[in-house]
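S.K.: Quick one: structure below, then a few questions.
The values are calculated or read from the model by the stated rules, or taken from the named source; none is laboratory data. Quick caveat: nothing in here was measured; it's all calculated off a predicted structure. Here the Cβ positions follow ideal geometry from the backbone for every residue, glycine too, while neighbour counts run over all protein chains shown.
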Amino acid sequence: MRVLVVEDDRIIADQIANTLLAEGHQVDVANDGQTGLRAAVVGTYGLVVLDLMLPKLDGFEVCSQLRRNRSTVPILMLTARDAIDDRVRGLDVGADDYLPKPFDVRELQARVRALLRRDKVLKTGVLTIDDLEIDSSAKTVRRGGKEVHLTPREFSLLEALTRNVGRTLTREMILDSVWNNEEALENTVNFHVTSLRKKIDTEGATKLIHTVHGFGYVLRSP
């Protein structure tokens, strides 16, 4: 799993990064809120560990802007141990959980595992956009009630677009989330999107998959 750590204290950031690396995660670190927000928006992360007291943009604003941008990435917010108001405000602006400082690495590991499990549960079941139905558990797709047969790669691509409905995914984001860092070229993404469109946006059906020229692709509900 790819995790973004947004923390300006480099000692704490290194501690968190090393703990998550030992758990088998890929970790990126941002040392201010502005950089962290930019990374979270353009990157594809399974979790964001977000400090509150950050230069340039504080954690509240980073979290709030991510949620306004329709990001559903789980956010674990780091707060001072006695800052009850901060914890409440953090949850209100969209954080999924909080971890008081100073913390034991075992609690960090446990909270990360819990958030990732919860996110996995939320990402199962049926996704519905217009007359398109995607069953993440059964790996089946229906459009207008008719089953659509997709390759595993096409299914992963469609699922990624659907989970980010209304949000443009760049080719780099798609390569990272669908191809999982396997060697691939941007024209590979173009090929699979074209193939997926032929199966999903058939003649007479409402067009759901759109090209955002110069950026990437977006799935929009009508």
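S.K.: Being over 30 Å from Glu154 (Cβ atoms) and surrounded by 15 or more Cβ atoms within 10 Å (Cβ to Cβ) is true for just one of Ala95, Ala110, Ala80. Which residue is that?
M.R.: Unique residue meeting the criteria: Ala95.
S.K.: What do you reckon, is Asp51 crowded, with 19+ Cβ neighbours inside 10 Å, farther than 24 Å from Arg167 by Cα and in the same structural domain as Ala114 (by TED's automatic domain parsing)?
M.R.: yes
S.K.: When residues of the stretch 1-23 are filtered for being in a loop (DSSP other than H, G, I, E, B) and within 18 Å of the chain's Cα centre (by Cα), how many remain? Please lay out each step first, then the result.
M.R.: Of the residues in the stretch 1-23, the ones in a loop (DSSP other than H, G, I, E, B) are 1, 7-9, 23.
Then keep just the ones that are within 18 Å of the chain's Cα centre (by Cα); that gives 1.
Number of matching residues: 1.
S.K.: Name the single residue, out of those in the stretch 123-140 being without any contact (Cβ under 8 Å) to a residue 24 or more places away in the chain and of a type outside the set (S, T, N, Q), that is surrounded by the fewest Cβ atoms within 10 Å (Cβ to Cβ).
M.R.: Looking at the filtered set, the residue picked out is Ala138.
S.K.: Could we say that Leu108 is under 18 Å from Asp9 (Cβ atoms), outside any strand (DSSP E or B) and modelled with pLDDT of 85 or more here?
M.R.: Yes: the conditions hold for Leu108.
S.K.: A further question follows. For the stretch 72-82, state whether one or more residues are of a type in the set (Asp, Glu), modelled with pLDDT under 85, over 20 Å from Met1 (Cβ atoms) and not in a helix (DSSP H, G or I). Spell out the reasoning first.
M.R.: Narrowing the stretch 72-82 to residues of a type in the set (Asp, Glu): 82.
Checking the rest, the ones that are also modelled with pLDDT under 85 come to 82.
Now drop any that are not over 20 Å from Met1 (Cβ atoms), which leaves 82.
From what's left, not in a helix (DSSP H, G or I): 82.
Yes, the stretch 72-82 has at least one match.
S.K.: Would you check which residues across the stretch 54-71 are surrounded by fewer than 22 Cβ atoms within 10 Å (Cβ to Cβ), part of a helix (DSSP H, G or I) and under 13 Å from the mean Cα position of the chain (by Cα) and list them? Spell out the reasoning first.
M.R.: Going through the stretch 54-71, the residues surrounded by fewer than 22 Cβ atoms within 10 Å (Cβ to Cβ) turn out to be 55-58, 60-61, 64-65, 67-71.
Then drop every residue that is not part of a helix (DSSP H, G or I), which leaves 60-61, 64-65, 67-68.
Arg67, the sole residue that qualifies.
S.K.: Out of all the residues in the stretch 83-96, which are more than 16 Å from Glu7 (Cβ to Cβ), among the acidic types (Asp, Glu) and touching a residue at least 12 places away in the same chain (Cβ under 8 Å)?
M.R.: Across the stretch 83-96, the qualifying residue is only Asp96.
S.K.: So how many residues does the stretch 1-18 have that are among the β-branched types (Val, Ile, Thr) and surrounded by fewer than 19 Cβ atoms within 10 Å (Cβ to Cβ)?
M.R.: Number of matching residues: 2.
S.K.: Suppose we filter the stretch 130-149 for residues that are assigned to a loop (DSSP other than H, G, I, E, B) and of a type in the set (S, T, N, Q); how many remain? Write out each step before concluding.
M.R.: First pass over the stretch 130-149, keeping only residues assigned to a loop (DSSP other than H, G, I, E, B): 130-131, 136-139, 144-145, 149.
Then drop every residue that is not of a type in the set (S, T, N, Q), which leaves 136-137.
Residues flagged as assigned to a loop (DSSP other than H, G, I, E, B) and of a type in the set (S, T, N, Q) within the stretch 130-149 amount to 2.
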